[in-house]
Structures are given as structure tokens and as C-alpha cells.
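Here is the structure we will look at, set down as C-alpha cells.
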Amino acid sequence: MASLTKQQSRVLTAVQDSDVRFIRLWFPDVLGRLKSVAIVPAELEGAFGEGIGFDGSAVEGFSRVFEADMVLRPDASTFSLLPWRGETEPTARMFCDIHAPDGGPAPADARHVLKRTLARAAEAGFTFYVHPEIEFYLFKSGVVGPDGPEPVDSAGYFDHVNGGTANDFRRSSVQALEDMGISVEFSHHEAGPGQNEIDLRYADALTMADHVMTFRALVKEIAVEQGVHATFMPKPLAGEPGNGMHTHVSLFEGEQNAFFAPGAEYQLSAVGRRFIAGLLHYAPEISAVTNQHVNSYKRLWTGHEAPSYICWGHRNRSALVRVPQYKSGKESSARIEYRGMDSAANPYLAYALMLAAGLKGIEDELELPDEAEDDVWSLTDAERRALGIRALPHNLDHAIALMEDSELVATTLGEEVFDFFLRNKRTEWSGYRDQVTPFELEQLFGSL
């Protein structure tokens, strides 16, 4: 067996010192759903040395039956205790990379897709940092009644509810995240009834993708503990805001923020402007990943500050990409905000595509179009056309068609992920299209 690294040895020591009883090995499937297998401490050294074999054909998107063998290799840098498991039977987790039996990375490993894209950025001298604002709803139960799911409160944006469920829930969630070493910047009630937001502090994209997966699992666990139901569904309530995951991004060259240029408009460098131009240019092609469900497009196209049109602005919250106010004396704070993604996206694939689009904008020296200063929702179609403002895909079917023809998406995801993702999304759209909805029955059944 290969000798252990210092980090792996430290994990073995931590497991012994904390009397850990189980170690959960976590990994995402292609759609960003968390998968898990538990091992006991006696198996951990072997897992580090040889990996843990599993049937990849049983996990959507990983392999075909005749090439089913896959190997989980724990990433020791992601070791953390799970605070919601308590102290009776301490449980830890580590994220894993997926390998084929020959030792090479599995092409369908979403973590590997992001690592591969980050390596491309590193070759160009860049490190990619992200900071997500993650929204979710809390409902009284997971049961959908005749009037739809019932939120835990009727509060709104930034409301303080004395003794409210959401206050206690956010406090427990933030404490658990901090206990796991995941830094939180803000938490507050969002605009929808029962809707909340927790913002994670900046980290490199791979670390943050792991954090987002952990965040979603943690929020679900705490919801179960507190007798409520949490959902990251993009649009769970008609007439209310959807669950976005606005994501602030920046590129660094060593210790220098590559998006910062003193004296430039909004202190935004040429690199930053070209990165935005790339995001805007490729936004329609990556939408099937950043907004991967049929329900995602009900968030994008029903108002409530969700972006529908492809433009950028400074303080314009109707824009797809926003350049937040630069904080004087803090060059590191120069960043851009991508407002299209929802909180149900696979963060590994979404971050990989956002980065690839921005890098392509830099490589091709794409020109940034004029800033949108108006509320683009209030403009007519003719006015938007005159300004050169395109629309995001109107539904998943449209997004699939654009992704299917995208060389950037195919190259970034790789053949296996690209093909599986498209097949899965076509199946989702077909199932959705085949439904006869209550709306249709109400409008047509009695009169036709």
C-alpha cells in the first residue's frame, strides 16, 4: 500500500482523537445530487491507499453497465465532522474524486470537470474565486396540500420575526456551517414567505462547490431536526420570488485581483470587462446547466428581480451581470455578480462553465457591449432589440437546443458528461411536456 500523505495521516489522527465511528464518503452525480457511502475507521487507511470500489452504472451519468467499476478516492483536505450527528456517534465526511480502475480520473466526475477547467485557468495565471448567495424556502412540511406547500411564515425581505422559525433555523445553520469551517458572511430573511438566504464567504471555486453541496445537505438535515421542510426548488410558489444563487466571481493573478484597475470605469480592468463579455456571450449556451430544471425558467420569467435578459450594469438589478460598488481601499473586493444561476444547479459544472465562458471572453478579447442603465424588464421588445439586448432561453427545451450546439459547453464538460446531461434534460422536458396541468383543465375543460 502506498504511504500516506501528511494530510491523510492527520485525518487518521483526527478520527482517532474524536472517536469518529463513521466516515461518509461524498461525491456529486452529474446533476449535482449528493451521493454517499459510509465506512468505519478501520477501512479509512485502505480507502486512502487503494480507494473504495463501487458500481458506477448504478449512479446516473457515471458509466455504462459494461464499464461499471469505479473507485472513490477520498480528498483528505475536505475532512470535517458533521455537527448534526452530535457527539454520541461522531460522524465525519470527505468529498471524493472518482477514478476508473486504471487509476485515471472518471470522465463523468463533476469534480474533475471543474478541476480540469481550473487547471486551464491556472495555465493562464489565474485563480478563480466565488462567493454565492444561496436562497431556499422553509415550509411547515414536505406535504403539498390542495393549496400548495405552506410556508413557515409570511415575512418579507430583511424582516425580523420575533421568535420566528426562520430566525432559529438560520442561527442553527450558520453555527453548524462555522463548526465545519465554512465561513458565512450574511444571513437574512428573503422576499418570499418562508424564504431565506445565507451567503458564504469567498473561496476558490472547487472548495466553494464542495461548500455548496455541504450547505444543501446541512440545511436539509437541520430542517428535519426542527420539523420543517427545506427546498432549493427554483420556483416553489407561484406569485413569489424563486430561489436564486447569485454568484460573485473574481480572478486573481497571484495576490493581485485581475478585475481591479484603478482609475478605470467602476475600477474594472480590461480582463474583467472581457470576462463579463464572455459570460454574456455564452450565457444562453450554459443556461441548461446553470438553470437545469423545467421549473428554473418559471423563476427566470416571472419577475421578482430574476434576470431574463442578457445585459450588464452597475447598480442595475435587472441585469444578468452586475458590477457591484467597489470598496475604496479594498482592491480585493473588485468582482462581478452573475445573477442567472439558481440554487438547484450542480455547482461544479456551473462554476466550470462560468469560468470557461469568462476565459473565452479574455482569450478572444471580446468587446463588452454598452452598459444597460434602464430597467430592462420595462422596455419593449423593440427597444431591447435596438439596444442589442438578447433574451435568456424561455424554457428548458430552448436551453437544451442551445447547449446541444455549443462547442464551449461540449469541450468544457467532456463527451460523457455532455451527452448524459443532454439525455437527462431531454427526458425531463418530455415528461413535463406530456403533462395536462390544472391550468389547462381550468381554462379549457368546461368550455371546449
Work out, step by step, the length gained on full extension between Ala270 and Lys330: first 0.36 nm times the residue separation, then minus their alpha carbon distance; give nm to one decimal. 19.7 nm
Listing Trp312, Trp84 from the residue with the fewest other Cβ atoms within 10 Å to the one with the most, what is the order? Trp84, Trp312
MRE, 222 nm, helices only [DSSP H, n ≥ 4, -39500 (n - 2.57), over the chain, to nearest 500]: -11000 deg cm²/dmol
Quote the FRET efficiency, to the nearest 0.05, computed for Leu441 versus Arg33 with a Förster distance R0 of 45 Å and r equal to the Cβ-Cβ distance. 0.90
In whole angstrom, note down how far apart the Cα centers of the stretch 344-360 and the stretch 392-437 are. 16 Å
Using a Cα distance threshold of under 25 Å, what count of lysine pairs results for the chain when pairs must be 8 or more residues apart or interchain? 16
Furthest towards positive pole of dipole, Trp26, Ala357, Tyr297, structure part the chain, Cβ charges: Trp26
Counting alpha carbon pairs within less than 8 Å and at least 6 residues apart, what relative contact order, in whole percent, applies to the stretch 115-441? 18 percent
Once a ≥ b ≥ c are taken as the square roots of the eigenvalues of the Cα gyration tensor of the chain, is the result rounded (a/c under 1.5), prolate (a/b larger than b/c) or oblate (a/b not larger than b/c)? rounded
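Since every read-out is calculated from the coordinates, none of them should be taken as a lab result. Since the model is a prediction, treat every value here as computed from it, not as a measurement. We place every Cβ from the backbone using ideal geometry, glycine too, and count neighbours over all the protein chains shown.
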